[in-house]
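> Could you have a look at this structure, given as structure tokens, before my questions?
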Amino acid sequence: ELDSENEMLSGKVDIAEAIKINSVVVQGFSEKGDGEYKAQRKAKKTQMLRTCIKTETNIVTPSGDESFYVRIVTPGGETLTMKDNGGGTLTNKLTNKDVRYTTSGTVKYEQKDTDFCIDWKPNVTLFSGSYNVEVYNKDYMVGKGMFTLK
């Protein structure tokens, strides 16, 4: 009985340490001739997707490096992912199901609201339409959003 109570409490601490997201904004970019990037709304011209994230303050989570995983889902319902381009799979701890993610990034977290961006360059032509975005931390979905390309 004590083991099952410890397991339940451990799960509560685990989910409490997941850093929730206040906002997720994704913007498309195309590369100019000089290597700079400019904002791009057209799917066929988009060469990079920048996912900017603002976290909530979480005093339960110790300061240090935190990994966030971004899953971008196409208008057709498929996850944009390529193993050789930063993609992979994680197991969602709430559903116990495997989730393919698009890319990931690490940020120095100091127990306060934190802003950071993760860039991803797709090796495929993107389609017009609305894309869904999910963000995971510690294998829990901690935020979601959407963006549209023309």
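The values are calculated or read from the model by the stated rules, or taken from the named source; none is laboratory data. Just so it is clear, the structure is predicted and the values come from calculations on it, not from any experiment. When we count neighbours, we look across all protein chains shown, and the Cβ atoms used for this are built from the backbone with ideal geometry, even at glycine. For the accessible areas, the whole protein counts, side chains as well, though only heavy atoms, and no ligand, DNA or RNA atoms are used. Shrake-Rupley method; radii C 1.70, N 1.55, O 1.52, S 1.80 Å.
> Non-local amide H neighbours of residue 57 (under 5 Å, H modeled in plane, Pro and chain starts lacking H): which ones?
The answer is 113.
> What are the ³J(HN,Hα) values, in whole Hz, obtained from phi via the Karplus relation 6.51 cos²θ - 1.76 cosθ + 1.60 with θ = phi - 60°, for each residue of the range 131-140 in sequence order, with x given for Gly and Pro?
Here the 3J(HN,Hα) series is 10, 9, 10, 10, 10, 10, 9, 6, 6, 10 Hz.
> I've got another one for you. What net charge is computed for the residues neighbouring residue 96, neighbours being all others with C-beta under 14 Å from the C-beta of residue 96, Lys and Arg scored +1, Asp and Glu -1?
Local charge sum for residue 96: -1.
> Excluding residue 77 itself, what net charge comes from residues whose Cβ is under 14 Å from its Cβ, given Lys and Arg +1 and Asp and Glu -1? Spell out each step's value before the answer.
On the way: positive: 71, 100; negative: 78, 134.
Summing Lys/Arg as +1 and Asp/Glu as -1 gives 0.
> Positive end of the charge dipole of the chain (Lys, Arg +1 and Asp, Glu -1 on Cβ, about the Cα centre): tell me which of 118, 105, 130 has its Cα farthest that way.
Farthest along the dipole direction, towards plus: 130.
> Counting only protein heavy atoms and a 1.4 Å probe, tell me what percentage of the chain's accessible area is made up of carbon and sulfur.
That share works out to 46 percent.
> Looking at the square roots a ≥ b ≥ c of the eigenvalues of the Cα gyration tensor of the chain, which shape do they give, rounded for a/c under 1.5, prolate if a/b is larger than b/c, or oblate?
prolate
> Under a Cβ-Cβ cut-off of 12 Å, what is the net charge of the residues other than residue 27 that fall near it, where Lys and Arg count +1 and Asp and Glu count -1?
Details: positive: 38, 41, 50; negative: 119.
Spelling it out: positives minus negatives among the neighbours equals +2.
> Could you calculate the contour length gain from residue 20 to residue 82, that is, 0.36 nm times the residue separation minus the distance between their Cα atoms, to one decimal place in nm?
Using 0.36 nm per residue and subtracting the Cα-Cα distance, I get 19.8 nm.
> Using the Cα centre of the range 1-137 as the reference point, and only Cβ charges (+1 on K/R, -1 on D/E), how large is the resulting charge dipole? Debye, rounded to the nearest 20.
1040
> Also, I was wondering about something else. Hey, what number do you get for the chain at 222 nm if only DSSP H runs of n ≥ 4 count, each worth -39500 (n - 2.57), divided across all residues, to the nearest 500?
The per-residue figure over the chain is -3500 deg cm²/dmol.
> So what is the accessible area of the chain per residue, in Å², with the probe set to 1.4 Å?
Ligands and nucleic acids excluded, the figure is 59 Å² per residue.
> Also, I was wondering about something else. Find the relative contact order for the chain and round it to a whole percent, using C-alpha pairs within less than 8 Å whose residues are 6+ positions apart.
30
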